Amino acid sequence: PRVTDNDQHLHEECLVFLLDILSAEVVSGSTQNKTDEESELSKASGESHWRKRLLVAWFLCNFIDENDMIMIDETLRHRIWIICFDLLEKEMGQPLQRVAVGLLGRLVSYVDTESVDAKWLRAMLEKESFCRVFGQALVFDHRADTSIGGGHGAQWSAGVEDILRDSARFVGPKTLFPFKRTSQNSGTFKSTHAQLLEQVICVIGLDVAAKATRHLLVFAVEMAEAPPSEDQRNQQGTSAEIFAGVCKALVKLTPSQNEADIWETALIPFLEDVIPKLPISMASAFFDAIRYGIQSMSPSSVDPIVSWMVANIDSSLWRPTEGNSLELSKDSENDTSAGSDGFANQSKHLYLATAVIIEMENPNDENSQLPWFAAFLQESALDFETNIHSPASWELIRDKLLPQLIASVGHPYETCRDHIAGCLFRIWRCNERFSSSGVAEGDDPTALILQKFTSLDENPDMPFKERYNSLITARKLISFCIHLGDAQKEFSRLVIPLLPVAFEALRITVDEGSGIDEVDAARRSLEAEVVKGFRYSIAEVSSSSVMSYPGEGNDISRVLDVVELASNNEFWQVRQAAAHFLRCFQGSHKYLFDDKHSDTMTKIVSSLLSDERREVSSAAMSALTGILAATPQDRVDVLVTKYVAIANRSRQKRKKGEGNVVPQTDEAISKEKKRARNQQTSVFFLCAAILAQPYETPLYVPVALAAISKHSFERSAPLGVRDTVKKCCGEFKKTHQADAYSWTHIHRKVFSQEQLEALEDVVSSPHYYA
């Protein structure tokens with residue numbers, strides 16, 4: 001702070017000194033593009049090097065403060081503005097121009113609408129040429145697109161990059177964007193540019209803003225359809241930034257009764273012109289732009305854009321009809337009758353609709369306007385609204401958009417399916433938020449969404465491809481619930497009801513023995529994609545969704561009921577997935593299980609041990625190993641005693657040298673099947689109990705080893721059981737006998753001589769002369 005007049009005088013002298021250095025540049029123009037002869041003439045005239053002026057401009061950004069807009073005389077202030085404007089115009093694409101953008105942001109933040117500084121700013125923004133220069137300056141104030149030109153970044157001189165980075169913090173003030181859990185989707189969109197535009201337009205007033213924004217939006221349209229070049233991505237990103245700043249500023253300046261006119265005459269026509277021309281890779285920039293533009297709007301202000309988006313989706317979104325059936329044919333995979341451009345536009349409209357719905361979510365269940373920390377992160381905190389929920393907009397979304405999305409879950413375009421799932425998830429969250437505050441009315445989106453996905457198998461007339469595309473959308477919805485949800489509500493109300501759909505989707509319905517025509521190949525490919533995706537989703541549900549919220553016991557029981565049903569499925573792929581699910585689910589929730597849950601899991605896994613498919617029984621044994629590792633040893637001891645008795649009774653009864661006696665009667669066949677199941681179940685259970693203790697030797701381990709060793713011979717067990725026994729005993733030897741001291745002084749003492757001999761019969765190699 002400058003306390004005395006002398007301090008202020010010295011400060012002004014310093015300002016004059018800095019401006020004199022920059023004025024030499026303004027008089028002679030940009031020097032970075034001069035020839036050697038021109039540079040020599042500049043040196044002779046005393047003109048400074050561009051690096052020095054860059055340093056001076058950066059120093060000026062840091063040197064100016066709020067008091068300068070009050071205390072220094074008007075002439076000196078006007079000179080600062082002129083220097084800033086000239087740097088923007090004459091240093092096109094150069095580092096000095098990027099520093100000038102920061103200087104402009106610094107100056108605008110101190111300007112009052114009624115001051116003379118605002119008058120100078122109005123005079124410049126009335127010119128179309130300066131609006132274009134301003135837009136170009138924002139284009140160059142981005143990182144270079146390293147994907148063009150060999151992937152090489154900018155080669156700055158020492159310290160230049162640090163100056164540019166520090167100057168960028170003056171472009172816009174601190175802000176609460178994005179305030180929601182969903183972060184920015186674009187790496188190109190710079191919210192500080194949108195803030196700068198918003199501040200500039202708010203300072204110049206509504207009358208001049210109408211003219212300036214018209215120039216800026218025309219320039220933004222040109223940038224959106226820029227031809228391929230190294231600056232194309234930054235130009236299209238700047239187009240989104242201009243829309244964001246203009247949208248927010250115009251709605252702020254316009255009286256509430258005229259807000260609809262602003263949307264209809266300026267903002268929506270801009271979107272209608274730009275969206276079809278925009279590459280789908282840059283839709284994320286407009287996603288962030290729309291979120292920024294409507295972030296702090298009043299509830300009624302979003303009605304026009306919601307109506308426009310719903311109408312666009314209603315008129316263009318694909319729907320299953322008799323005329324566009326997705327039943328696979330030889331040419332259906334390459335069919336472009338729907339038009340890839342049409343699908344791309346549908347994808348962009350769905351994506352932007354998601355942005356609007358995200359900002360309609362109320363982050364606070366008590367309808368509080370601001371959290372306690374908002375004042376520290378938002379300079380205009382008192383004008384900031386966290387909930388833009390409008391009854392008219394919500395009715396449009398719930399009553400019109402939601403049925404359209406549900407009808408189109410089988411969309412043939414993958415990106416559209418992603419955005420449909422995202423919209424469904426956001427609509428469901430909005431409804432949950434509004435329901436908790438007593439605002440939501442009408443049909444419950446939860447019931448509509450679940451009814452659609454759970455009834456896919458009930459419609460035999462649904463084309464094959466549409467059904468599997470719908471399953472892909474369901475998987476995307478589950479993924480959104482897991483990664484973006486709040487665990488309790490999403491898991492209880494959406495994930496658990498959709499879990500049976502996830503298991504049923506693992507069924508293989510295309511006959512592997514059928515012909516190899518193109519239709520069957522396409523079906524197999526699509527089915528394999530769905531199965532692979534749902535395997536990942538089931539794994540995510542089992543390991544990522546920890547039900548540690550109040551009342552989780554009932555939800556754990558619901559999950560186990562679903563898994564128990566899946567464990568009895570006729571398709572072995574479903575039964576294997578159930579076993580893998582239990583393995584991960586038990587690891588995530590073992591401290592939340594009560595005795596009932598543990599008994600239910602053990603029962604399910606034990607029933608899978610005797611499965612005729614090796615893949616299922618192996619997965620069940622792995623799951624059981626984890627369960628027994630977390631079970632108290634006294635309970636495991638009781639179970640081992642039970643299964644040892646079953647194992648001893650279930651060995652094959654035949655003499656050495658005799659072949660297998662095939663049962664002739666139905667009763668004998670039934671009895672033999674029961675014995676084989678008991679043998680496999682008991683032996684696999686005992687193997688799991690042994691493997692669950694890799695570093696210790698409880699008293700029941702030698703008993704279990706002695707019991708399973710009797711099933712390692714050809715005359716007493718089939719090949720699958722024998723292999724499992726040998727692998728188990730080999731694993732025990734590796735983990736317990738590798739350290740001779742531990743084996744001799746700790747583990748071996750637990751064994752009797754008979755039990756040691758039984759173990760040696762399995763793990764020792766037969767002698768050559770035996």
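The values are calculated or read from the model by the stated rules, or taken from the named source; none is laboratory data. Note that the structure is predicted; figures quoted are calculated from it, not measured. Counting neighbours? That spans all protein chains shown, and the Cβs are built from the backbone with ideal geometry, glycine included. We work out accessible area using only protein heavy atoms, side chains counted, and drop any ligands, DNA or RNA first. Shrake-Rupley method; radii C 1.70, N 1.55, O 1.52, S 1.80 Å.
See the values below:
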| quantity | calculated |
| --- | --- |
| With every protein chain in place, the range 54-206: carbon and sulfur % of accessible area (1.4 Å) | 50 |
| For the range 107-224: relative contact order, % (alpha-carbon pairs under 8 angstrom, 6 or more apart) | 45 |
| Rough spin-label spacing in nm, given labels placed 7 Å along Cα→Cβ, for THR509 and GLN257 | 5.9 |
| Estimated FRET transfer efficiency (ASP207, ASN67; beta-carbon r; R0 25 Å; 0.05) | 0.25 |
| GLU74 versus THR446: modelled label distance in nm, points set 7 Å from Cα along the beta carbon direction | 6.6 |
| FRET E, pair VAL638, GLU414, Förster distance 45 Å, beta-carbon r, rounded to 0.05 | 0.30 |
| SER298-GLU570 FRET efficiency (beta carbon distance; Förster radius 51 Å; 0.05 resolution) | 0.35 |
| Length gained when the stretch THR113-GLU731 is fully extended (0.36 nm per residue, less Cα-Cα span) | 214.5 nm |
| Average accessible surface area per residue within the range 199-325, 1.4 Å rolling probe, Å² | 35 |
| Spin-label zone in the range 209-236 - amide nitrogen under 20 Å from a point set 7 Å from the Cα of ALA144 along the C-beta vector | 227-236 |
| Net length gained if the chain between THR744 and LYS180 were fully extended (0.36 nm per residue, minus Cα distance) | 196.9 nm |
| Cα-projected label distance for GLN488 with THR321, points at 7 Å along beta-carbon direction, nm | 4.6 |
| Sparse-neighbour loop sites [trypsin sites (Lys or Arg not before Pro); the range 658-742; at most 16 other C-beta within 10 Å; DSSP] | ARG715 |
| Charged-residue dipole, Cβ positions (Lys, Arg, Asp, Glu), the range 567-647 about Cα centre, Debye nearest 20 | 100 |
| Charged-residue dipole, Cβ positions (Lys, Arg, Asp, Glu), the range 487-618 about Cα centre, Debye nearest 20 | 400 |
| Chymotrypsin sites (Phe, Trp or Tyr not before Pro) lying in DSSP loop within the range 92-189, provided at most 12 other Cβ fall within 10 Å | TRP156 |
| Pairwise centroid distance, computed over Cα atoms, of the range 53-128 with the range 520-593, Å | 61 |
| About the Cα centre, charge dipole magnitude for the range 158-267 (Lys/Arg +1, Asp/Glu -1 at Cβ), debye | 460 |
| Computed accessible area, SER315, all protein chains, 1.4 angstrom probe, square angstrom | 100 |
| Carbon + sulfur, % of accessible area of the range 664-760 - ligands and nucleic acids excluded, 1.4 Å | 52 |
| In the range 555-622, GluC sites (Glu not before Pro) in a DSSP loop with at most 14 other beta-carbon atoms within 10 Å | GLU570, GLU612 |
| Cα-based Rg / Dmax (Å) for the range 528-678 | 18.2, 63 |
| Net length gained if the chain between LYS671 and ALA158 were fully extended (0.36 nm per residue, minus Cα distance) | 176.1 nm |
| P(r), alpha carbons of the range 192-290 - 5 Å bins starting at zero, rounded % | 2, 14, 26, 25, 18, 10, 4, 1, 0 |
